[in-house]
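First comes the structure, then the notes that go with it.
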Amino acid sequence: MLSLVLRLNLISMTIRYLMCPPDFYDVDYVINPWMEGNIHRSSQAKAVEQWNKLYNILRELAVVDLVPPQKGWPDMVFTANAGLVLGNKVVISRFLHKERQGEEPYFKAWFESQGFEVFELPPDLPFEGAGDALLDREGRWVWAGYGFRSELDSHPLFAQWLDIEVLSLHLVDNRFYHLDTCFCPLTGGYLLYYPDAFDAYSNRLIEMRVSAEKRIAIEEPDALNFACNAVNVGQTVIMNKASASLRQRLESLGFTLQETPLTEFLKAGGAAKCLTLRITEPIVPAPQEVSHVEARIIQMQGHLLDTGLVNRALDVVVDGGGSFQVLDFKLGIQKQSTSEAKIRVSAPDREIMTNILSRLIEIGAILPTETDRDVQLAPVVQDGVSPDDFYVTTIYPTEVKVNGVWIRATKQRMDAAIVVDQAAQTATCKLLRDLRIGDQVVVGVEGIRTAHRPEVREKSTKEFSFMGAGVSSERRVELIVEQIAWELRQIRDRGGKAVVTAGPVVVHTGGAPHLAYLIRERFVHALLGGNAIAVHDMEQAIMGTSLGVDLQRGVSVSGGHRHHLKVINLIRRYGGIKQAVEAGVVTSGIMYECVKQGVPFSLAGSIRDDGPLPDTQMDLIKAQQHYSELVQGADLILMLSSMLHSIGVGNMTPAGVKLVCVDINPAVVTKLADRGSVESVGVVTDVGLFLSLLVQQLQKLASPLVET
Ligand code: ARG
């Protein structure tokens, strides 16, 4: 007779699995991409044969219990989805799809009959058991997947019930919809997995917990053969199929690989691991109940549906690695009435939550707190460097809560930090390089809100109604030109400010005289560009060519490629553009008009500039400052064929300023029109043509109306 101690030892060392015979197995419906096109395409006889092979292999290594199969529940063979077992506790699955929900009571009954303590999740919180929750083989924590079947909010619950740390992983490839299809912890702390099935955060988490020499990352072909859907007992790894290199890798690490074909089950999206559930999972001493999952309620208000704002918010949550639950949605019934949404956002950890929340704030979400907290501040300790988790500004009006009061940040622009002066109750957007020791910078996400005000939307839809779509097609150019002409005249007549950024293409396409007209007629109040626009404009004014091409006749002039250098040299001789104009050297063109009309201009240099002109600012920090001064107070900015200068200007311009971007290249236009701000308009067309139409239209508006 065995001694008691020895028997206890044997019992505790016995490894048990649960399987379910495939009597009623078939592909009857489609709830994952593998099942598509495979309805009733699996062979029953072959499935039984393959299942038996796996069963027999496993019986060599462990005790295999069977749960009786049930007619009408074909996926019940996949016992991995019965629940999550740890010690004598089991968390029963809550299937997402109704096609599998009927399996729940059978699995529950089986566990109860075996004396397990059964835990059940609330009815609307999906969790698919060991398909989506895998114990680290050293028993230190549970890896849990979410994104397709299981809900992130289930993780903190079972962390608590099972008293174990849960690490949440975001699945992003729907072919790998359950964690066990792409992730398999192995004996000795090894991990067999397919990195591409996870988002970047999850990959980082995996890399933090599993050292490089323990990570066995596989490629897509192995992943598609369900190599990660492996059963690991001791040093043995059982799977459907492995490439030669994967076999070699596993064997070199001391594992024995057993391949057994499971093609009939692949048609339903499962393989070896899915067909089994390990029901002896020992508890490792000193467990710790931790789930890093955080949850937060946000509110959104406004034209949520017609502006697509809710969809965008939910995308931000999911793309950022979180999950959501809409708690309340009050729909504005009339066109002019606003809607209100209350959304619960969950994220696998604090850092991811902060990222998601700051993006939600950008699109106008509010984070209510019970205590209604003030904004969080941290001091600058090194000039020009911000505390790490500073809030990065957008173009939208932003308010921060200081001493219980919402105050509006001034100098709103993109990509800045917000500096708060608590005594003065002020907040200002500051570039990193302008931060000074002692400045109090807004960090985190509390007490910050941005306004996407409905009024703004209404107003601009009236004025630019047909431009809502952003980028125009050729046919619409004329209509757009009419609107812009109207707008420019309004701005001029009410003493507003219109700014132009322009690239040399304006000159090459014959637009210089038109832009000169706009300046002469005082439709333009500041000009921003680089060295080239000024050089080519003056080359044309002085030598009649643009980059050596005679624009009148459209032919290259011999020796013309030197013209622009001669012009640069000439201007340098006079000491600058203004001096050259005053000396009568430049007598027409864009720069001439700027000088004559006293319209300020700023030329920002670049590495490729010839010369440069004495006026070109080669210190880019100074150039940015000068640009931003000239942009202050602008009502409209016309961006003419200059990607770099226009993007630069876009970043320093708050929402509410109309941007009109004209470029022949749709990519440039989309990039600029895509600030997510309703006031930006893109026009894809030849800039010379655009300017000529614009001038025609302005002249039409200027001439007295003859028709009655
Ligand atoms: N057809 C089943 C489903 O889509 C397959 C389940 C596979 N099980 C698993 N643990 N991956 O639910």
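For residue 642, which sequence-distant residues (separation of 5 or more, or a different chain) have an amide H within less than 5 Å of its own amide H, given hydrogens modelled in the peptide plane?
Here the answer is 503, since their amide H atoms fall under 5 Å of that of residue 642.
If I stretch the segment between residue 326 and residue 29 completely, what's the gain in nm (0.36 nm per residue apart, minus their alpha carbon distance), one decimal? Kindly include the intermediate steps, with their values, before the conclusion.
On the way: separation 297, 0.36 × 297 = 106.92 nm, distance 2.85 nm.
104.1 nm is the gain from fully extending residue 326 to residue 29.
Around residue 188, under 9 Å between beta carbons, what's the net of Lys plus Arg minus Asp minus Glu among the other residues? Write out the running numbers ahead of the final one.
Working: positive: 137, 214; negative: 138.
My count for the surroundings of residue 188 gives +1.
Could you work out how much longer the chain between residue 482 and residue 187 gets when fully extended? Use 0.36 nm per residue separation minus the Cα distance between them, nm to one decimal.
Details: separation 295, 0.36 × 295 = 106.20 nm, distance 7.20 nm.
Residue separation times 0.36 nm, minus the Cα-Cα distance, leaves 99.0 nm.
Using a 7 Å offset from the Cα along the Cα-to-Cβ direction at both residue 432 and residue 350, what is the distance between the two label points in nm, to one decimal?
For residue 432 paired with residue 350, the spin-label model returns 2.3 nm.
Could you work out the local net charge near residue 697, counting Lys and Arg as +1, Asp and Glu as -1, over the other residues with Cβ closer than 12 Å to its Cβ? Walk me through the numbers before you get to the answer.
On the way: positive: 489, 700; negative: 478, 482, 487.
Local net charge: -1.
What FRET efficiency do you get for residue 423 and residue 388 if R0 is 25 Å and r is their Cβ-Cβ distance, rounded to the nearest 0.05? Don't jump to the answer; show the numbers that get you there.
Numbers: r = 25 Å, r/R0 = 1.00.
Working from the Cβ atoms, E equals 0.50.
For the stretch 175-286, report the convex hull volume of the alpha-carbon atoms normalised per residue, in Å³, without decimals. If you can, show how the numbers build up before the last one.
Values: hull volume 13.0 nm³, N = 112.
Hull volume over Cα atoms, normalised by residue count, gives 116 Å³.
Pick out, from 18, 246, 648, the residue whose Cα sits farthest towards the positive end of the charge dipole of the chain, with +1 on the Cβ of Lys and Arg and -1 on the Cβ of Asp and Glu.
Final value for the positive-end residue is 648.
Dipole of the chain, Cα-centred, from +1 at each Lys and Arg C-beta and -1 at each Asp and Glu C-beta, to the nearest 20 debye?
Dipole size: approximately 1440 debye.
To the nearest 10 degrees, how steep is helix 687-702 against the longest Cα principal axis of the chain, on a 0 to 90 scale?
60
How many percent of the accessible area of the chain is carbon or sulfur, using a 1.4 Å probe? Walk me through the intermediate numbers first.
Working: 16230 of 31340 Å².
Summing carbon and sulfur atoms, their accessible area is 52 percent of the total for the chain.
Rounded to two decimals, what ratio of Rg to Rh does the chain give with C-alpha atoms and a Kirkwood Rh?
Working: Rg = 33.7 Å, Rh = 30.2 Å.
Dividing the radius of gyration by the Kirkwood radius yields 1.12.
Percent relative contact order of the chain, based on C-alpha pairs within less than 8 angstrom and at least six residues apart? The partial results should precede the final answer.
On the way: 1455 pairs, mean separation 63.5, N = 708.
Relative CO of the chain lands at 9 percent.
Counting DSSP beta bridges in the chain, what percent are antiparallel, to the nearest 5? Mind dumping the intermediate values first?
Working: 59 of 110 bridges.
Close to 55 percent.
With a ≥ b ≥ c the root eigenvalues of the C-alpha gyration tensor of the stretch 171-211, is it rounded (a/c under 1.5), prolate (a/b larger than b/c) or oblate? Before the final figure, lay out each step's value.
Details: a/c = 3.09, a/b = 1.32, b/c = 2.33.
It comes out oblate by the Cα gyration axes.
Which one of 638, 265, 667 has its Cα pushed farthest toward the positive end of the charge dipole of the chain, where Lys and Arg give +1 and Asp and Glu give -1 at the Cβ?
With unit charges placed on the Cβ atoms, the residue in question is 638.
Can you give me the convex hull volume of the Cα atoms of the stretch 492-627, divided per residue and expressed in Å³? Don't skip to the answer; put the middle values down first.
Details: hull volume 13.2 nm³, N = 136.
Looking at the stretch 492-627, the number lands at 97 Å³ per residue.
Can you order the peptides 686-695, 663-672 by their average number of other Cβ atoms within 10 Å per residue, highest first? Walk me through the numbers on the way to the answer.
On the way: 686-695: 22.1, 663-672: 18.0.
Packing proxy ranking, top to bottom: 686-695, 663-672.
Rounded, prolate or oblate: which fits the stretch 568-639 when a ≥ b ≥ c are the square roots of the eigenvalues of the alpha-carbon gyration tensor, with rounded for a/c under 1.5 and prolate only if a/b beats b/c?
On the way: a/c = 2.34, a/b = 1.26, b/c = 1.86.
Taking the square roots of the gyration eigenvalues as a ≥ b ≥ c, the stretch 568-639 is oblate.
What translational D, rounded to a whole number of µm²/s, comes out for the stretch 301-353 from Stokes-Einstein when the hydrodynamic radius is the Kirkwood one over Cα pairs, at 20 °C and 1.002 mPa s? Numbers along the way, then the final one.
Values: Rh = 11.8 Å.
The calculation lands on 182 µm²/s.
Given the DSSP H assignment, sum -39500 (n - 2.57) over each helix run of at least 4 residues in the chain and divide by its residue total; what's the result at 222 nm in deg cm²/dmol, nearest 500? Before the final figure, lay out each step's value.
Numbers: 23 runs with 227 residues, N = 708.
The helix contribution divided over the chain gives -9500 deg cm²/dmol.
Please work out the Kirkwood hydrodynamic radius for the stretch 71-177, using every pair of different C-alpha atoms, and report it in angstroms with one decimal place. Mind showing how you got there, number by number?
Values: mean 1/r = 0.0722 Å⁻¹.
Its Kirkwood hydrodynamic radius stands at 13.9 Å.
What number comes out for the charge environment of residue 298, summing +1 per Lys or Arg and -1 per Asp or Glu over other residues with Cβ under 9 Å away?
On the way: positive: 296, 342, 344; negative: none.
Once all neighbours under 9 Å are counted, the net charge is +3.
Out of the chymotrypsin sites (Phe, Trp or Tyr not before Pro) in the stretch 171-273, which ones are loop residues according to DSSP with at most 15 other C-beta atoms within 10 Å?
Details: sites: 176, 177, 183, 190, 193, 198, 201, 226, 255, 265; in loops: 177, 226, 255.
Within the stretch 171-273, no chymotrypsin sites (Phe, Trp or Tyr not before Pro) qualify (loop, at most 15 other Cβ atoms within 10 Å).
Quote the relative contact order of the stretch 123-225 in percent (integer), defining contacts as alpha-carbon pairs under 8 Å separated by 6+ residues. Intermediate values should be presented prior to the final figure.
Values: 169 pairs, mean separation 25.1, N = 103.
Worked out over the stretch 123-225, it gives 24 percent.
Would you please classify the overall shape of the stretch 606-692 from the alpha carbon gyration tensor, given that a ≥ b ≥ c denote the square roots of the eigenvalues, rounded means a/c under 1.5, and beyond that prolate means a/b larger than b/c while oblate covers the rest?
Working: a/c = 2.04, a/b = 1.31, b/c = 1.55.
Because a/c hits 1.5 or more and a/b fails to exceed b/c, the stretch 606-692 counts as oblate.
Per residue, how large is the accessible surface of the chain? Use a 1.4 angstrom probe and give square angstrom. It would help to have the intermediate numbers written out before the result.
Working: 31340 Å² over 708 residues.
That works out to 44 Å² per residue.
Given labels modelled 7 Å from the Cα in the Cβ direction, how far is it in nm from residue 405 to residue 665?
4.8
How long is the gain from residue 333 to residue 587 if the chain were fully straight, where each residue apart is worth 0.36 nm and the alpha carbon distance is subtracted? Don't skip to the answer; put the middle values down first.
Numbers: separation 254, 0.36 × 254 = 91.44 nm, distance 6.15 nm.
That works out to 85.3 nm of additional length.
Based on the Cβ-Cβ distance from residue 120 to residue 644, what FRET efficiency comes out when R0 is 56 Å, to the nearest 0.05?
On the way: r = 60 Å, r/R0 = 1.07.
Step by step, r from the Cβ atoms, then E = 0.40.
Which residue, 392, 407, 375, has the largest displacement toward the positive end of the dipole of the stretch 372-420 when charges sit on each Cβ (Lys, Arg +1; Asp, Glu -1)?
407
Counting alpha carbon pairs within less than 8 Å and at least 6 residues apart, what relative contact order, in whole percent, applies to the stretch 541-696?
Working: 188 pairs, mean separation 20.3, N = 156.
Worked out over the stretch 541-696, it gives 13 percent.
For the chain, find the longest principal axis of its Cα atoms and tell me its angle to the long axis of helix 104-113, 0 to 90°, nearest 10.
That works out to roughly 40 degrees.
The values are calculated or read from the model by the stated rules, or taken from the named source; none is laboratory data. Being a predicted model, the structure only gives us computed values, none of them experimental. Positions of Cβ are generated from backbone atoms using ideal geometry, with glycine treated the same way; all protein chains shown enter the neighbour counts. Just the protein is used for accessible areas: all its heavy atoms, side chains included, with ligands, DNA and RNA removed. Shrake-Rupley method; radii C 1.70, N 1.55, O 1.52, S 1.80 Å.
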